[in-house]
1. Would you point out which residue out of 65, 40 is over 12 Å from residue 170 (Cβ atoms), among the β-branched types (Val, Ile, Thr) and touching a Pro at 6+ places or on another chain (Cβ under 9 Å)?
2. Assess whether residue 60 counts as being open to solvent by less than 70 Å² (accessible area, probe 1.4 Å) and either modelled with pLDDT of 80 or more or over 18 Å from the mean Cα position of the chain (by Cα) (or both).
3. When region 126-141 is examined, which residues are found to be under 16 Å from the mean Cα position of the chain (by Cα) and open to solvent by 30 Å² or more (accessible area, probe 1.4 Å)?
4. Could you please tell me which pairs satisfy a Cβ distance under 6 Å, a separation of 6+ or placement on different chains, a first residue in region 46-71 that is over 21 Å from residue 100 (Cβ atoms), and a second residue that is of a type outside the set (A, V, I, L, M, F, W, C)?
5. Going by the structure shown, is residue 98 modelled with pLDDT of 95 or more, open to solvent by 20 Å² or more (accessible area, probe 1.4 Å) and more than 15 Å from the chain's Cα centre (by Cα)?
6. Inspect all residues belonging to region 303-317 and state whether any of them is within 18 Å of residue 262 (Cα to Cα) and surrounded by 24 or more Cβ atoms within 10 Å (Cβ to Cβ).
7. Applying the selection to region 307-326, what residues are over 14 Å from residue 211 (Cβ atoms) and not in a helix (DSSP H, G or I)?
8. Does residue 162 fit the bill of being out of contact with any Cys (no Cβ under 7 Å at 6 or more places or on another chain), open to solvent by less than 60 Å² (accessible area, probe 1.4 Å), in a loop (DSSP other than H, G, I, E, B) and under 25 Å from residue 88 (Cβ atoms)?
Amino acid sequence: MMALCGFFFLAAAQNQIAGTKSSPLRQPPPDWAFAINRATGESEAAADPLDATPRHLPDSEASFTLARIADFFNPPDWHPADHPPMPLVVSRGRAPEVFACGYCHLPNGQGRPENASLAGLPAAYMVQQLADFKSGLRKSSEPRHAPTSAMIKNETKANAQEIRDAAEYFSALKPRPWIRVVETGSVPKTQVAGWMLVPEAGGETETIGARIIETPENLERTELRDDHSGFIAYVPEGSIKKGKALATGAAGKTLRCATCHGRDLRGKDKVPALAGRSPSYMVRQLFDIQSGARAPAAVQPMKTVVTKLTVDDMAAIAAYTASLHP
């Protein structure tokens, strides 16, 4: 099913590739943060019909078929009592152009490594991000990153009222602990599926190196788009301590994050929270700001913050911020 969903995102990625001017980067985008699906042809993606057997979760009374679970315009809501009623743009989108926000970001706004967690973000900040995607001021350093391309191709077609409705809905949600951060020297061998890293069959391990390996706690439940099943982020040993030194300005390479992002990095005014967010997402944003792929006026102060950072530094900061309580 992840392969099927990945196919629909490929067309959006092709548009971003065509519209992206290449510029020299000091470092290539790290492939573990910008996870790219293996290209598949349409016939391969559509060859096998989806099993029509209803799927269930142990903590939900709902049941959904794989076809429903893969529906961009009617995603599953396994736990409707967890959140207020979703506005139409979140629960259904507007076919054929605007995907339901709840498909990628989940009904509770927690999101997944390939996209962003939206729960609790300032509504004005989210509205501005859609404007930046639409104007071309926010894109990806890796033009093949199809989830970003889908935001540009599809979600920018939402009208002003739909964008406000979605922003107000997600802003009112309370973020919950979603990512378990583990320092380690070895990790499961992974491959990319559904634009995220998933363990390979066989259970083999390998050295983590300087990477962050963010993967589902329970792959089966993640594939069913269960918004109660979070993620585990394996990070290099010592990276949380290093990241804290960088984030507090003690390392001398950057500025103190809390100045703008608030106490405990839980956000301040229109500035988003960093605490407890996906480290893969965080590295992508730091990299995109440094490369210039993300360049609106509001982000310009961050250029000074990230200019001296290496990818290893970005990973350490992301490990630290992901380890904080949201």
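1. Details: 40 fails: touching a Pro at 6+ places or on another chain (Cβ under 9 Å).
Of 65, 40, the one residue that is over 12 Å from residue 170 (Cβ atoms), among the β-branched types (Val, Ile, Thr) and touching a Pro at 6+ places or on another chain (Cβ under 9 Å) is 65.
2. Details: open to solvent by less than 70 Å² (accessible area, probe 1.4 Å): yes; either modelled with pLDDT of 80 or more or over 18 Å from the mean Cα position of the chain (by Cα) (or both): yes.
When the stated conditions are applied, residue 60 passes them.
3. Of the residues in region 126-141, the ones under 16 Å from the mean Cα position of the chain (by Cα) are 126, 129-130, 133, 138-141.
Hits for region 126-141 are 130, 139.
4. 52/65; 56/63
5. On the way: modelled with pLDDT of 95 or more: yes; open to solvent by 20 Å² or more (accessible area, probe 1.4 Å): no; more than 15 Å from the chain's Cα centre (by Cα): yes.
No.
6. Yes, region 303-317 has at least one match.
7. Residues satisfying the conditions are 307, 308, 309, 323, 324, 325, 326.
8. Working: out of contact with any Cys (no Cβ under 7 Å at 6 or more places or on another chain): yes; open to solvent by less than 60 Å² (accessible area, probe 1.4 Å): yes; in a loop (DSSP other than H, G, I, E, B): no; under 25 Å from residue 88 (Cβ atoms): yes.
No; evaluated as a whole, the condition is false for this residue.
The values are calculated or read from the model by the stated rules, or taken from the named source; none is laboratory data. Source: prediction; values computed, not measured. So basically every Cβ, Gly included, is an ideal-geometry build from the backbone, and we count neighbours across all protein chains shown. Just the protein is used for accessible areas: all its heavy atoms, side chains included, with ligands, DNA and RNA removed. Shrake-Rupley method; radii C 1.70, N 1.55, O 1.52, S 1.80 Å.
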